[in-house]
1. Consider region 169-178. How many of its residues are touching a Gly at 6+ places or on another chain (Cβ under 6 Å), surrounded by 24 or more Cβ atoms within 10 Å (Cβ to Cβ) and outside any strand (DSSP E or B)?
2. Out of Val166, Val202, report the one residue that is among the β-branched types (Val, Ile, Thr), touching a residue at least 24 places away in the same chain (Cβ under 8 Å), surrounded by 15 or more Cβ atoms within 10 Å (Cβ to Cβ) and in contact with a Lys or Arg (Cβ under 7 Å, 6 or more places away or on another chain).
3. Yes or no: Ile85 touching a Leu at 6+ places or on another chain (Cβ under 9 Å), within 17 Å of Glu50 (Cα to Cα) and of a type outside the set (S, T, N, Q)?
4. Which condition breaks for Ile85 when tested against (1) in contact with a Gly (Cβ under 7 Å, 6 or more places away or on another chain); (2) surrounded by fewer than 21 Cβ atoms within 10 Å (Cβ to Cβ)?
5. Restricting region 119-153 to residues that are aliphatic (A, V, I, L, M) and not in a loop (DSSP other than H, G, I, E, B), which is surrounded by the most Cβ atoms within 10 Å (Cβ to Cβ)?
6. What single numbered condition from (1) surrounded by fewer than 16 Cβ atoms within 10 Å (Cβ to Cβ); (2) over 18 Å from Gly17 (Cβ atoms) fails to hold for Thr231?
7. Failed condition for Val71, given (1) among the hydrophobic types (A, V, I, L, M, F, W, C); (2) within 22 Å of Ala185 (Cα to Cα); (3) free of Cβ contacts under 8 Å to residues at least 24 places away in the same chain, with all others met?
8. Is it the case that Leu70 is in a loop (DSSP other than H, G, I, E, B), of a type outside the set (S, T, N, Q), surrounded by 16 or more Cβ atoms within 10 Å (Cβ to Cβ) and at pLDDT 95 or above?
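The values are calculated or read from the model by the stated rules, or taken from the named source; none is laboratory data. All figures in this text were calculated on a predicted structure; none of them were measured in a lab. A quick note on method: Cβ atoms are made from the backbone with ideal geometry, for glycine too, and the neighbour counts reach across all protein chains shown.
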Amino acid sequence: MIEIMRVHICQHVPFEGIGSIDPWLKTKEATITYTRFFESVQLPPLNSVEMIIVMGGSMSVNDEDKFPWLVQEKEFVRNAIILGIPVLGICLGAQLIASALGSKVYPNHEREIGWFPVQAVPAPATVFRFPAEFPAFHWHGETFPLPSGAVRLAKSEGCENQAYQVGKNAIGLQFHLETTPELVASLLDNCLEDIAVSGTYVQTEAELRATPAASYPGIHRLMSDVLSYLTE
């Protein structure tokens, strides 16, 4: 385990923070820096960071004309993976890793918004192993084929590539294990239009706001397991 980590967070929108990742990093006495792309597009030199966490966002990785910094961010992520720096991508972050490594990102046949189960898939013992089935919070509508050399870790009924790993140091998650009640409320306050059209895997605002508190500790423990794996 890295004793004192220098962790850099790529945050794309102000209403999607790092949730339960924050207390985990604080227990490790990590030094946390941010690129908040809605404020500044400045990224640090890779030799100044020991872990990168790429968060979600309401844009698409294909929106380079509207958000030119996506090109720079993909290069940053790609070079970090090549150098062996641990990289965790969440939702948009997972799509950014895939795009940075050459995969196309496109609309999934289903949107997933809310709490739905995810299933682990058979994978080598050398990669992170998820529980056979677990609940997770979702808020995504795009997907991708696995990048070259990636190992699929999990799937759901609505999305074939829910989690994947590249080498030892990079994991992409379409779902949100860091989610807190505050993050759910923030997403609803800022992205309510996403659930205006119903779908097989889209919960209502009332259902999401009524999520019991007991839903969160399990996903937070699993997030801690993922972070520990990447920093071993």
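1. Counting residues in region 169-178 that are touching a Gly at 6+ places or on another chain (Cβ under 6 Å), surrounded by 24 or more Cβ atoms within 10 Å (Cβ to Cβ) and outside any strand (DSSP E or B) gives 1.
2. Just a single option satisfies the conditions, and that option is Val202.
3. yes
4. (1)
5. Among those residues, the one meeting the criterion is Ala136.
6. Thr231 satisfies every listed condition except (1).
7. The one condition Val71 does not meet is (2).
8. No, not satisfied.
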